[in-house]
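Heads up, the thing below is written out as structure tokens.
All of the numbers you see were taken from the coordinates with simple rules; none came from a lab. All values reported here derive from a predicted model rather than from experimental measurement. Cβ placement follows ideal geometry from the backbone for every residue including glycine, while neighbour counts extend to all protein chains displayed.
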Amino acid sequence: MRKPILNRRDLLLGSAAALAFGAAPRTQAQPRRASPTPEGVRLNALFDAIMKENLDRSPMSVSGLGLDKGERARQKSQLDDSSIAAWEGNKRRTADHLARLRGIDADALGLQERVNYDSVLYGITLGAQVERDISYIGDAYYGSPYVLSQLSGSYQRVPDFLDSQHAIETKADAEAYLSRLSAFATVLDQEAGKARHDVALGVIPPDFIIDKALIQMRALRDAPPGQAVLVRSLSRRAREKGLAGDWEQRAAALYTGKVQPALDRQIALMNEMRRHSVHAAGVARLPQGAAFYALALKQQTTSDVPPTEIHQTGLDLVRSQSAQADAILKAQGYTQGSVGERLRALFDDPKLRYPNTDAGKTKLIADLNAKAIEVQAKLPEWFGTLPKARLVIRRVPQAIEAGASGGYYESGSLDGTRPGAYYVNLRDTAELPSWVLPSITFHEGVPGHHLQLSLAQEADLPLIRKGGSFAGYTEGWALYAEQLAVEMGLYEHDPLGHVGQLHESLFRCVRLVVDTGLHSQGWSREQAIRYMVDALGDTEAAMASEVEKYCVWPGQASSYMLGKLDWLRLRQKAKDALGPRFDIRRFHDAGLLWGAMPLGVLDRRIEAYIKTA
């Protein structure tokens, strides 16, 4: 999973030319931007204006992109406004951006300009439709109908943001951290106001979602000041930089005096919501629930495939992927029981697990780094252009690991000072046995998210297209990268690792079934969990966490496999058209060096590549 840096709403709203620095250095194979057309000059000016407006109101995006310097240094002491007034202002800006964008003559644009324009237009049009047709606020970061859940809300995001994206080099940076820590309490109360707005419209998370969120909120609230991540992050990093000052005491005073009371108020609100919650898992029960899910699917997958077809595609793929896993398992001597039961036997084999200890988890991270180095050595045979950005592998922060996914990727800063990071969830090493870890690493690291997103950041593209994300494209690429690892020979001497790759692919097939089952076919939480456990062999606890994520993030689970199928379809299309002239490196460059885009735009991009190849 790619963890967004920008607010997901901003990623849907536009694109812009780089504002704070020149274009990133270009590698030889990277296409040069053609001289702009007259209409392209107008488009780029509009991009500049839209991006400036987006950055002006999103200090967290500014820090996430590493732009909180110079004239934007003042934003380093601020968090994003999360009030109802800000939400209403966003809606007005969306409508304005759309009207201005439609004033561009798209037919007068050059090829790359048209890719930029079409990608931005798709996102901004959908953003406007959501804000026009859906009356409740929800969480724009993930596209969730719920302001607060086990996944959404600033209590989830801000501690990790301050620790990983708020850089501390100087005393001014440390002071800015304290200002943001104080502002965190305000944001918590603003979110509570939005949640009350939605509750009045009948939008309340399911009871099991509230229960999980309360566990996490209390864990954040109840940490003693000396152990709280919000306090320790500042004191540790200030000490590492040799910054004199009573940073720990000042942070602790804000934590106990402002943040904890605000968390108490948010916890009280969640307890009140719990008394009115129901157990139904899907969004169909919500006001405008069917419309919300249709828009969520379109935003996440960037396709128009209806839920019934997605559901059937998932069922068909589960059968075919299970058959492939069955063949390899039998060849390795695993012959008894269903595919799910044999996968469960692999999960339960202590020889295939890392010890659930600090030493075991340290060894796991070290082995993942070794695997990343192994695959990087093979990349030049498969890609014409490689990223310059470094990749680091880290543990998911323990404060949020209970509700986090098994792994996710966080992009580095645009200036390269903060590397891209693959986070692996080590709440229980039994959930991540050695035979599934290679495929997860290929997905989150290379040749998956790190390679694709870093190439986009280093490309000669408008700024927000560098960090932009369309899940059908980005998650589809990362899942395609898992299969590409098989073709690269990375499992040649690791048959159980290949089973792990098939397990992860099967996992995404199952998600097609479960996502649509929950939100369009009335499946219960328990029904979805049972289906996943039976098909995959994963623990019930792990699958419960997954299902609960899908409940609050509709459509996202479907983006992976639908996107992968499109990447594979386009590759075969290029092979059929080009025959012996087909070069996998040129195909990958054609799809990757133009930034993330809707799948329909990717289709037209590959058509253009075929014509010129």
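³J(HN,Hα) across the range 53-67 via Karplus (A = 6.51, B = -1.76, C = 1.60, θ = phi - 60°), whole Hz, x for Gly/Pro?
Each residue of the range 53-67 in turn: 5, 5, 6, 4, 9, 9, x, 5, 5, 4, 5, x, 8, x, 9 Hz.
Which residues does the label zone of residue 284 cover in the range 204-219, counting backbone N under 20 Å from a point 7 Å along Cα→Cβ?
204-209
Give me, ordered by chain and number, the residues 5 or more places off residue 393 or on other chains with an amide H under 5 Å from its own placed amide H.
When sequence neighbours closer than 5 places are left aside, the close amide H contacts are 422.
Sort 561, 51 by Cβ crowding within 10 Å, fewest neighbours at the top.
51, 561
What net charge do the residues around residue 456 carry, taking every other residue with its C-beta under 9 Å from that of residue 456, with Lys and Arg at +1 and Asp and Glu at -1?
In short, +1.
Counting only C-alpha contacts under 8 Å and six or more residues apart, can you give the relative contact order of the chain as a whole percent?
Working: 998 pairs, mean separation 120.8, N = 613.
In percent, rounded to a whole number, it is 20.
To the nearest 0.05, what FRET efficiency results for residue 315 and residue 69 with a Förster distance of 60 Å applied to their C-beta separation?
Values: r = 51 Å, r/R0 = 0.85.
Using R0 = 60 Å, I get an efficiency of 0.70.
Write down, largest first, the equivalent ellipsoid semi-axes of the range 523-613 in whole Å, where each equals the square root of 5 times an eigenvalue of the alpha-carbon gyration tensor.
37, 14, 10
What full-extension length gain, to one decimal in nm, is calculated for residue 575 and residue 41 as 0.36 nm per residue of separation minus the Cα-Cα distance?
Values: separation 534, 0.36 × 534 = 192.24 nm, distance 3.55 nm.
Extending this stretch completely gives an extra 188.7 nm.
What label, among (i) -0.81; (ii) -0.54; (iii) -0.65, belongs to log10 I(q)/I(0) by the Debye sum over Cα atoms at q = 0.08 Å⁻¹ computed from the structure on display?
Of the labelled values, this structure produces (ii).
Going down the table (330/351; 69/378; 76/194; 330/361; 76/258), which pairs top 26 Å between alpha carbons? Provide the component values of the computation, followed by the final result.
On the way: 330/351 19 Å; 69/378 37 Å; 76/194 24 Å; 330/361 31 Å; 76/258 20 Å.
With Cα atoms farther than 26 Å apart: 69/378; 330/361.
I need to check one value: relative contact order of the range 400-439, counting alpha carbon pairs closer than 8 Å and at least 6 residues apart, in percent.
On the way: 35 pairs, mean separation 14.5, N = 40.
Worked out over the range 400-439, it gives 36 percent.
Tell me, in nm to one decimal, what length is gained between residue 335 and residue 253 on full extension, where the rule is 0.36 nm per residue of separation less the Cα-Cα distance?
Details: separation 82, 0.36 × 82 = 29.52 nm, distance 6.04 nm.
Using 0.36 nm per residue and subtracting the Cα-Cα distance, I get 23.5 nm.
For residue 144, list long-range residues whose amide hydrogen, built 1.01 Å from N in the peptide plane, is under 5 Å from its own amide hydrogen.
139
Let me see the pair-distance distribution of the range 230-371: every alpha carbon pair, 5 Å bin width, integer percents in order.
Whole-percent P(r) values from 0 Å outward: 2, 7, 7, 7, 7, 9, 12, 15, 14, 10, 7, 3, 1.
Over the C-alpha atoms of the range 317-367, what are the Rg and the largest Cα-to-Cα span, Dmax, in Å?
14.2, 39
Expressed as a whole number of Å, what is the distance separating the alpha-carbon centroids of the range 188-212 and the range 282-348?
Each part reduced to its Cα centre gives a spacing of 29 Å.
Through the Karplus equation 6.51 cos²θ - 1.76 cosθ + 1.60, θ set to phi - 60°, convert the phi angles of the range 587-594 into ³J(HN,Hα) values in whole Hz; use x for Gly and Pro.
Going residue by residue, I get 4, 5, 4, 4, x, 9, 7, 10 Hz, with x marking Gly and Pro.
From Cα pairs below 8 angstrom and at least 6 apart in sequence, can you work out the relative contact order of the range 165-301, rounded to a whole percent? Walk me through the intermediate numbers first.
Values: 105 pairs, mean separation 52.2, N = 137.
With pairs under 8 Å counted, the relative contact order is 38 percent.
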